[in-house]
Amino acid sequence: MRFLGVGEPLAEFTSRADSPSVFHRRAGGDTLNSAIYLSRLMPAGSVGYLSRLGDDAMSRWLRQVMADDGIEDFCETQEGARPGLSFISTDAQGERSFTYWRDQAPARRMLQDSSTAAEILSSAETVFLSGITLAVLLPESRDQMFAVLRHRHRAGLATVLDTNYRPILWPDATTAAQVMGRAAALASLVLPSQDDMEAAFGCADAKASINRLTALTKAEIVLTTGGDAVLHRPGGQDRVDQYALPPKVAATDTTGAGDSFNAGWIASRACGMTPADAIARAARLAGTVVQHPGAVIPREAMPDLTNSKDPA
């Protein structure tokens, strides 16, 4: 498998702006969102997803969502279990607030009692996971995850970490920073946002974030600042390059902004684009996504991003 997303698929319910008591059901979860966009940008059969689901109707629906977007399903089934739920409300600026029901979700045990899941995770060309992936895992599964990440690091396999931070999923910010810091040290690419770096790591500005991450990892770093620039530290190098972003668009819903940006970057770099072109392409995708409700836009709403080389 060329690209393997790892995380927790959610049944996501988003309130309608014109009727806040009415919710639309969509598939969600940060790494699943990225997997869907990556699958749309890459050749067929390039992307898989690893997790654990139940045997209920909601789990079957999530599997169908993955199948509809050409994602290979590596989610084991736990009998009697049900996936997590997420309710999202947005304000007038498109900013989100979350309510979760996920404590008993089978994804929390995705690596327990499963040599198959560990083998799939160990062998994929590129694995992408997030701070949320690490947060939801029960201690035994998290230990198993780090064992696989250490194997991948020694083998020179690519691992991508999105530092996506949800305070409600962690005991405290210190724990989150420690766990994500361990993962960053084993990654080949780290995709942080300044908001997450400030909230979890206490980094007051982009310079502090780059310095903190540089001390943790030799990985390539792509830091989104929430403003008009992205900072890029090539892997193993000391220099940091700054790239301007296109003007901001009016956001309807920012839910999938970071997830789609990450997919755009990964896909663009996979097909040989320069960092500058990859950032522009990723930003264009994210700019389209935030103008639609929900994290994943309809396929027909995808922007034309064909002004790049064909993926190898």
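Answer yes or no as to whether residue 113 is touching a strand residue (DSSP E or B) at 6+ places or on another chain (Cβ under 6 Å) and in a loop (DSSP other than H, G, I, E, B). Here the answer is no, as residue 113 does not meet what is asked. Considering only residues in the stretch 263-300 that are in a helix (DSSP H, G or I) and closer than 22 Å to residue 15 by Cβ, the one that is nearest to the chain's Cα centre (by Cα) turns out to be 286. Residues in the stretch 242-283 that are crowded, with 20+ Cβ neighbours inside 10 Å, of a type in the set (Asp, Glu) and modelled with pLDDT of 90 or more: 259 alone.
Selection within the stretch 172-198: residues that are touching a Pro at 6+ places or on another chain (Cβ under 9 Å) and free of Cβ contacts under 8 Å to residues at least 40 places away in the same chain. The member of this set that is nearest to residue 155 (Cα to Cα) is 184. Just so you know, in the stretch 71-93 the residues that are surrounded by 17 or more Cβ atoms within 10 Å (Cβ to Cβ) and small (Gly, Ala, Ser) include one that is nearest to residue 119 (Cα to Cα), and it is 81. Only a single criterion out of (1) closer than 21 Å to residue 148 by Cβ; (2) in contact (Cβ under 8 Å) with a residue 40 or more places away in the chain is not satisfied by residue 113, namely (2).
Candidates in the stretch 3-27 are the residues that are among the aliphatic types (A, V, I, L, M) and either modelled with pLDDT of 85 or more or assigned to a strand (DSSP E or B) (or both); of these, the one that is surrounded by the most Cβ atoms within 10 Å (Cβ to Cβ) is 6.
For the stretch 116-152, the tally of residues that are assigned to a strand (DSSP E or B) and either surrounded by fewer than 17 Cβ atoms within 10 Å (Cβ to Cβ) or not aromatic (Phe, Trp, Tyr) (or both) stands at 4. Just one of (1) assigned to a loop (DSSP other than H, G, I, E, B); (2) touching a residue at least 24 places away in the same chain (Cβ under 8 Å) fails for residue 247. It is (2). With respect to the conditions (1) under 17 Å from the mean Cα position of the chain (by Cα); (2) under 16 Å from residue 135 (Cβ atoms); (3) among the small types (Gly, Ala, Ser), residue 199 falls short on a single one, namely (1). Within the stretch 219-241, if we keep just the residues that are out of contact with any Ser or Thr (no Cβ under 9 Å at 6 or more places or on another chain) and either under 18 Å from residue 186 (Cα atoms) or of a type in the set (S, T, N, Q) (or both), the residue that is surrounded by the fewest Cβ atoms within 10 Å (Cβ to Cβ) turns out to be 236.
The values are calculated or read from the model by the stated rules, or taken from the named source; none is laboratory data. Because the structure is a prediction, the values reported are computed rather than measured. Cβ sites come from the backbone with ideal geometry, for glycine too, and all protein chains shown count toward neighbours.
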